[in-house]
Ligand code: F6R
């Protein structure tokens, strides 16, 4: 989604803005722009395509200004063109605005402003806001912004500058993140901490319906109705090294290979082996309520939803609490009957996904206990849930989520075990699960050491048009996740199915050109999976199986096999997903796709 960067201080703003935009590239965008200002006026540059083009456009110009704002745009209203790119300005070229989110009443605002003589040049919703700010021109920029925002419906994260006050940025937030970075006589503004971490680890997140006035030496936060807010800075835990590619060609591959560490990080300090239990400080304040919940509803989107689907099986096995899993985009609009006996568990890497955030807000309104399982520390979902657990997985930059999925699965096991030990899980069951969890990092390492074999396999399938992924029980969501990974980065059509559904439709697709990846590990559903595989083979469909190490027999049914080590049943998805991530990665690589930034996708989906 769109990204915002702003700088006001004593250094040249342009290189800092470009660096910040580059750090936000992973979020997905299609055009970029920046403006730097001083008392003499403004220099604005906008390009279609990559930030590199913007960098190129300013390479021969010595921009000395020490204040500016910049933006990467992911088109919603109007095509990706230079005119539609941000920053937008008013008819006099005094105010400049970058905006994330959607101004829902932009059409009404536009016709009203046009009737007053304002000329619009772009097709965007954003432009209406900058004209509105100009219309409310006042003694100070912040007053003009505040007045204009009163007329805006929809969501926004904004940064605004004005040539009359060239050492000031005003930002505001409703539904779209804004974070301030505090330096020495310099201040930063961004939509994501990634843009700031090179310069400062002291940040402040704006809450919804707040604005900030930022100058080189200070920041003032207030509500949109002008009530001052005192807020201390937070120290962020990520460093630049976390975001370095190192020797990897892509972030996705780097993140796949980080998974042994990701699992370690998810478990660190949280395993109490002697008690067969987990310890999750973030849930402690509500543990009496949590262990007595009648129902837990897991809400999430995309890969996090697939983690939630695996979570349903885990909670069913380990707890006596009823559990449901819902797409956040559906849940938020349902007629919900929730109260304090229901826990709503929101799973989100970014902690900013619009639908998941709306789902927990709705759940809170209805009186449910909200629980967050989030990676990004300080993100909105992390702040707005009653209690929560962090993944501590470091930044995930590749648009296709990999390491966070396994982290989420580890933590779902820990949460369910914590609850289950107050219910019917025995000490020895708890100890067995935890011991198996402690083996995971070295088992993942084993799978990764065979990446070259998976690469060979993937290379043979790069011309294929469609793929089917099938699995049963805990491997059904893994099949969905394998299909999602393949389609989102390689653009090969892929579908995930519960294997038991084959005869109810999808088997009609099978022929010699339609391969299937079948997750058939040694567990209670193994024999049934073998039957599914045979049925596909009987129709000449090529089969790649994900199977348990030592299962030589499966070679009689499958054409090709990717082996994973044996583990506790509840942990199998953590291993079975890894060959599928690698398979998708190598298919995309050999098809020449832009792996870390797949077309049309954004890392953090902050609009509905
Ligand atoms: C797919 C992917 C997305 C996200 C989804 C939810 O690889 O990354 O499907 O999982 O947009 O995002 P979060 O977890 O940030 O709420």
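The values are calculated or read from the model by the stated rules, or taken from the named source; none is laboratory data. Because the structure is a prediction, the values reported are computed rather than measured. Ideal geometry is used to build each Cβ from the backbone, glycine not excepted, and the neighbour counts take in all protein chains shown.
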Restricted to the stretch 341-357 and to residues being away from the ligand (no atom under 11 Å from the Cβ) and touching a helix residue (DSSP H, G or I) at 6+ places or on another chain (Cβ under 7 Å), the residue farthest from residue 399 (Cα to Cα) is 343
Expected single match for touching a helix residue (DSSP H, G or I) at 6+ places or on another chain (Cβ under 8 Å), surrounded by 21 or more Cβ atoms within 10 Å (Cβ to Cβ) and within 23 Å of residue 305 (Cα to Cα) among 517, 447, 454 is 517
Being within 24 Å of residue 111 (Cβ to Cβ) and either surrounded by fewer than 20 Cβ atoms within 10 Å (Cβ to Cβ) or touching a strand residue (DSSP E or B) at 6+ places or on another chain (Cβ under 6 Å) (or both) narrows 165, 153 down to just 153
The helices (runs of 4 or more DSSP H) lying entirely within the stretch 397-506 that contain at least 1 residues which are without any contact (Cβ under 8 Å) to a residue 40 or more places away in the chain and more than 16 Å from the ligand (Cβ to nearest atom) are 451-459
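Quick grid of which residues meet (1) modelled with pLDDT of 95 or more; (2) in contact with a helix residue (DSSP H, G or I) (Cβ under 6 Å, 6 or more places away or on another chain); (3) exposed (fewer than 14 other Cβ atoms within 10 Å of the Cβ):
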position: 62; (1), (2), (3): no, no, yes
position: 68; (1), (2), (3): yes, yes, no
position: 71; (1), (2), (3): yes, no, no
position: 74; (1), (2), (3): no, no, no
position: 86; (1), (2), (3): yes, no, no
position: 95; (1), (2), (3): yes, yes, no
position: 102; (1), (2), (3): no, no, no
position: 109; (1), (2), (3): yes, yes, no
position: 115; (1), (2), (3): yes, no, yes
Item to check | Qualifying residue in the stretch 364-375 (condition: more than 16 Å from the ligand (Cβ to nearest atom), farther than 21 Å from residue 474 by Cβ, touching a helix residue (DSSP H, G or I) at 6+ places or on another chain (Cβ under 8 Å) and in a helix (DSSP H, G or I)) | outcome: yes
Picked from the stretch 382-396 (must be within 13 Å of the ligand (Cβ to nearest atom), touching a helix residue (DSSP H, G or I) at 6+ places or on another chain (Cβ under 7 Å) and modelled with pLDDT under 95), the residue nearest to residue 595 (Cα to Cα) is 396
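For every residue, the table says whether it meets (1) in contact with a helix residue (DSSP H, G or I) (Cβ under 9 Å, 6 or more places away or on another chain); (2) surrounded by fewer than 18 Cβ atoms within 10 Å (Cβ to Cβ); (3) not in a loop (DSSP other than H, G, I, E, B).
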{"position": "148", "(1), (2), (3)": "yes, no, yes"}
{"position": "177", "(1), (2), (3)": "yes, no, no"}
{"position": "184", "(1), (2), (3)": "no, yes, no"}
{"position": "221", "(1), (2), (3)": "no, no, yes"}
{"position": "232", "(1), (2), (3)": "no, yes, no"}
{"position": "237", "(1), (2), (3)": "no, yes, no"}
Among (1) outside any loop (DSSP other than H, G, I, E, B); (2) modelled with pLDDT under 95, residue 138 falls short only on (1)
Picking from 594, 549, 527, 608, the residue that is without any contact (Cβ under 8 Å) to a residue 24 or more places away in the chain, within 16 Å of the ligand (Cβ to nearest atom) and more than 19 Å from residue 310 (Cα to Cα) would be 594
Of the candidates 123, 127, the one satisfying the condition of being surrounded by fewer than 24 Cβ atoms within 10 Å (Cβ to Cβ) and assigned by TED's automatic domain parsing to the domain that holds residue 215 is 123
Residue count, the stretch 19-44, condition surrounded by fewer than 22 Cβ atoms within 10 Å (Cβ to Cβ), farther than 18 Å from residue 168 by Cβ and without any contact (Cβ under 8 Å) to a residue 60 or more places away in the chain, comes to 2
With criteria (1) more than 16 Å from the ligand (Cβ to nearest atom); (2) touching a helix residue (DSSP H, G or I) at 6+ places or on another chain (Cβ under 9 Å); (3) in a helix (DSSP H, G or I), residue 213 comes up short on (3)
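Per-residue answers, yes or no, for (1) buried (at least 23 other Cβ atoms within 10 Å of the Cβ); (2) at pLDDT below 95; (3) within 16 Å of the ligand (Cβ to nearest atom):
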position	(1), (2), (3)
271	no, no, no
295	no, no, no
306	yes, no, yes
311	yes, no, yes
314	yes, no, no
Matching residues in the stretch 520-560 (surrounded by 22 or more Cβ atoms within 10 Å (Cβ to Cβ) and outside any loop (DSSP other than H, G, I, E, B)) number 10
Among strands (runs of 3 or more DSSP E) entirely inside the stretch 19-118, those with 2 or more residues being under 26 Å from residue 352 (Cα atoms) are 31-38, 67-73, 95-100
Exactly one of 575, 582 is under 20 Å from residue 408 (Cα atoms) and either in contact with a strand residue (DSSP E or B) (Cβ under 6 Å, 6 or more places away or on another chain) or free of Cβ contacts under 8 Å to residues at least 12 places away in the same chain (or both), and that residue is 575
